[in-house]
Amino acid sequence: MPTPGGHDRPKFRTSSAAARSQMQRTLAGIPRLNAVPFARLGPRRRFSHRTPLARNHTAKLALKRRIEEDHYRSKALRMTDFAGLTDDEFVARRAEIEQRLARVSELEAKLALQNASATAAAVATTTTAAEPAKTGFKKQRGPPKAFDPSKYTTRLIALKFAYLGGRYNGFEHHANNTTPLPTIEEELWKALKKTRLIIPTPKPGLGEDDINWEGCDYSKCGRTDRGVSAFGQVIGIRVRSNRPKPKARPTREDVDSAEVGAVASEAAEARADGLEGEDVEMGGADAPEEVSFDDIKDEMPYVSILNRVLPEDIRVYAWCPNPGPDFSARFNCRERRYKYFFTQPAFAPMPGASGCYAGLNGKTMREGWLDIEAMREAASYLVGLNDFRNFCKVDPAKQITNFQRRITHTSIDRWNTGSGFASYTKDEMFQIPELEGSADKERIVGAPELSGPGLFTFCLHGSAFLWHQVRHIVAILFLVGQGLEPPTIVRDLLDIEKNPTKPKYEMATDTPLVLWDCIFPKEGDESKEVMEDALDWVWVGDERGLPGSKAAGLEEKFGHNSVMADLWTVWHKRRIDEALSGSLLDLVASQGLKFSEEQLKGPPSTKGQR
């Protein structure tokens with residue numbers, strides 16, 4: 001058994017005189033107990049009541065006294081003369097000494113453990129001494145005060161934002177109309193309400209969680225349908241502002257006669273001294289004090305505030321501080337721009353001669369491929385002021401009688417080929433005969449490729465649009481592109497006298513449609529061929545709205561948890577899906593069945609002829 005000093009005790013196997021003398025020498029070499037270091041307890045303190053620290057201090061003193069008593073007993077035993085003891089007495093005395101030494105070791109270990117516990121308790125008490133008071137202070141505080149809108153000023157601003165509409169039931173929310181999916185307007189209202197940027201006026205019959213735009217000067221530019229996206233949607237809204245309320249100066253009634261006398265005396269002295277421009281203005285007592293405030297730099301960061309609580313596929317990326325006192329996103333917008341994305345080929349083509357057919361005007365067509373030139377000719381008939389009752393869905397509840405709308409621009413452009421596009425369709429067996437000769441006529445947007453499969457957009461600009469108007473127009477253009485209708489079908493459908501009723505046809509799908517932008521030009525610029533937006537937008541990362549250098553703007557736009565970081569996450573998921581599905585198409589198309597030249601050059605089908 002180890003001694004308190006760390007020495008190993010020898011094991012006594014005999015009771016001879018030599019063994020007894022060896023035991024005496026060993027006991028004499030055991031260090032004194034007072035050489036073992038004890039924890040310094042410090043000076044004793046007086047307490048008004050016995051705290052746990054005081055009780056622990058008293059217990060340690062008692063334990064120290066017990067150790068000292070055992071030490072002196074052990075010392076007395078070491079002074080015993082073992083020479084006159086018999087063998088039995090020697091064995092008994094040896095056992096007693098070993099028992100005492102074991103007891104001393106046990107008490108020392110207990111004291112060391114108690115010292116460590118006391119030290120840890122003292123440190124914990126010291127570090128958390130201020131925390132109970134702070135916690136207690138928080139607990140003593142009552143519930144949070146209700147938001148008081150009267151303490152804040154408000155301002156009318158415009159917000160520009162984007163959303164992917166695949167997960168939503170359109171933009172507009174209709175009261176008492178439960179939809180299977182949420183609307184963009186619902187999500188926007190929740191974000192504005194949660195951040196307390198809007199202060200709606202209570203409306204009878206509506207609860208706290210019911211959508212209520214009363215008193216918010218709310219207006220919206222476009223009302224996209226279910227599944228339709230928007231990259232340039234604009235709303236007008238009155239929101240809470242950082243601008244401090246003006247401090248009202250004391251009224252005339254608040255100024256007592258003594259103060260009036262002092263002011264009059266000061267004015268008289270100034271006139272007597274011949275000072276000009278020092279007249280004391282008495283009429284300005286009621287005017288509020290103007291407070292210095294920057295409309296952009298000192299304002300709340302509306303973009304970042306809203307993006308923190310909006311879903312990941314809805315993002316605000318600009319705001320306009322001064323759109324005008326009577327701004328309306330609906331009526332001040334002079335042009336709305338749409339893009340409809342589609343692929344070329346539009347659907348999976350059939351290889352060989354069996355996939356070809358004779359279209360209108362003697363053209364040889366292949367299933368899936370679209371005649372872009374014919375579609376462009378058909379789209380050109382849309383420009384101008386026309387009656388579009390045959391290109392929309394009539395809502396009997398609204399009882400619309402005016403179907404005239406002005407279209408200012410149409411185009412069908414190649415967007416890009418895309419690295420994940422179905423590259424197998426570039427093979428000759430899947431393409432339209434003589435495609436190479438007409439490919440140079442296509443206009444290229446965003447990519448240098450001149451031919452082959454890719455992504456196209458149908459661009460449409462107009463002042464206003466009817467319900468499902470764009471999707472009906474695209475459906476007719478697809479019929480023209482497949483050679484099933486001539487391009488003049490568009491001109492004929494616009495002639496109400498010739499076609500007073502709408503023919504039955506299925507409109508195009510909703511997902512590829514995007515409200516690309518909303519244009520608010522200057523007054524007098526509406527007659528220009530190409531309108532330009534005149535609103536002073538503060539874009540995300542704009543230096544005007546940020547203190548410091550350009551680095552702050554870069555961090556807000558491209559940094560962690562920024563708008564670009566969020567949009568990258570959304571894009572990355574879909575880009576991987578596109579690459580995987582495109583690669584799967586190419587893989588399956590390259591395996592298995594091979595075609596002979598006879599099969600590839602066979603006569604075309606008569607499908608599509610009239």
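The values are calculated or read from the model by the stated rules, or taken from the named source; none is laboratory data. In this text the structure is predicted, and so the values were computed from the model without any measurement. Every residue, glycine among them, receives a Cβ derived from its backbone with ideal geometry; neighbour counts consider all protein chains shown.
What the table shows:
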quantity: Subset of region 319-338 [surrounded by fewer than 19 Cβ atoms within 10 Å (Cβ to Cβ) and small (Gly, Ala, Ser)]; calculated: GLY324, SER328
quantity: Residue within region 180-187 that is in a loop (DSSP other than H, G, I, E, B), among the β-branched types (Val, Ile, Thr) and either at pLDDT 95 or above or buried (at least 17 other Cβ atoms within 10 Å of the Cβ) (or both) present; calculated: yes
quantity: Matching residues, region 506-550, being at pLDDT 90 or above and under 18 Å from ILE407 (Cβ atoms); calculated: MET507, ALA508, LEU513, VAL514, LEU515, TRP516, ASP517, CYS518, ILE519, PRO521
quantity: Filter result (of a type in the set (A, V, I, L, M) and touching a Gly at 6+ places or on another chain (Cβ under 8 Å)) within region 187-220; calculated: ILE199
quantity: Leading residue by the ranking (nearest to SER304 (Cα to Cα)) among those in region 531-580 that are among the small types (Gly, Ala, Ser) and touching a residue at least 40 places away in the same chain (Cβ under 8 Å); calculated: GLY545
quantity: Which listed residue, of ALA76, ALA121, ALA133, ALA54, is touching a Pro at 6+ places or on another chain (Cβ under 8 Å) and modelled with pLDDT under 70; calculated: ALA121
quantity: Residue that is farthest from VAL540 (Cα to Cα) [pool: residues in region 553-569 that are surrounded by fewer than 17 Cβ atoms within 10 Å (Cβ to Cβ) and more than 11 Å from the chain's Cα centre (by Cα)]; calculated: TRP568
